[in-house]
Amino acid sequence: MTRPRVSVITPSYNQVRYIGRTIQSVLDQTGEFDLEYRVVDGGSTDGTLDLLASFGNRIAWTSERDNGQVDAINKGLKVATGDIVGWLNSDDLLLPGAFARIVAAFEANPGVEWVHGRCEIIDEQGRPVRRWVSLYKHWMARHHSLDRLLGDNYVSQMATFWRRSVHAEIGYLDPGLPLAFDYEFWVRLAKRGAPAYVPEQVACFRWYDTSKSGANYVEQFRENTEIAVRHAPAGRRWLLLRKRAKNAVYARLYRMMANRGGKT
């Protein structure tokens, strides 16, 4: 049997504080697969390039000005050669055994185009936070339907991978959605078929006030609603009312947590 090839893209810009741990969490993965790892840097000036060079030929990387995170990820995905692809942001982490679990899920479900797993939320120091969010997403993922996904984004990006072949049919990430482009891509995948879900923790999402998600959650919820409007099937417009109501509640919760330091 041919070993599957996993391609991972990390977009990067001035994240020297975290990216070394991100890279190491990928390189430490073991199992019956081959790894292709690319870092697409946007021209960092904070020491990131020296750090990338220190990994030698264990990673492939480029550094040049780009048009932001979506552009960087799409660049990487377009040159990826793996059977299975995904991206890991420069401040997030994979947990030991992540790729082994993801690959096993693809092999056990040959008709499935995408797989996602459980994700833990951590703070700047790597301590678990917002456990209730992780538990809620875990419950929703175990009861997946397209309607549920249109109503609520419970798919954790850093724990999600898909077959590279889908890009030939549905394209790449939408640069017009700088905050919720991942969610829009999940919806496109979900309209083609349900994912396989790995119930074990496979990745960590790092939340902090100055991160892209932490600083822009109100606009991110607005984009989420725009995505639901774009993709909701005719006759299910009630989903949009539920979506708007949920996003209003989430925005209030996020604001409260930010005021309390995000340790809930």
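Every number in this text was worked out from the coordinates using simple rules, so none of it is lab data. This one's a predicted model, so the numbers in the text were calculated from it and none came from an experiment. Here the Cβ is made from the backbone with ideal geometry for all residues, glycine too, and neighbour counts use every protein chain on show.
Quick one: work out Rg over Rh on the C-alpha atoms of the chain, Rh as Kirkwood radius. Looking at the chain, the ratio lands at 0.94.
Where both bridge residues fall in segment 5-259, DSSP classifies roughly 25% of the beta bridges as antiparallel.
Modelled spin-label separation between Tyr136 and Ala168, with each label point placed 7 Å from Cα along the Cα-to-Cβ direction: 4.0 nm. Kindly provide the Kirkwood hydrodynamic radius of segment 1-85 in Å, to one decimal, from all pairs of distinct alpha carbon atoms. Answer for segment 1-85: a Kirkwood hydrodynamic radius of 13.2 Å. Counting only DSSP H runs of at least 4 residues, each contributing -39500 (n - 2.57), and dividing by the residue count of the chain, the helix-based mean residue ellipticity at 222 nm comes to -13000 deg cm²/dmol.
So if R0 is 30 Å, what FRET efficiency would Arg244 and Glu200 give, r being the distance between their Cβ atoms, rounded to the nearest 0.05? After rounding to 0.05, the efficiency reads 0.35.
With a simple spin-label model that places each label point 7 Å from the Cα along the Cα-to-Cβ direction, the separation between Asp34 and Arg65 comes to 3.7 nm.
Its relative contact order, with pairs defined as Cα atoms under 8 Å and 6+ residues apart, puts segment 5-259 at 21 percent.
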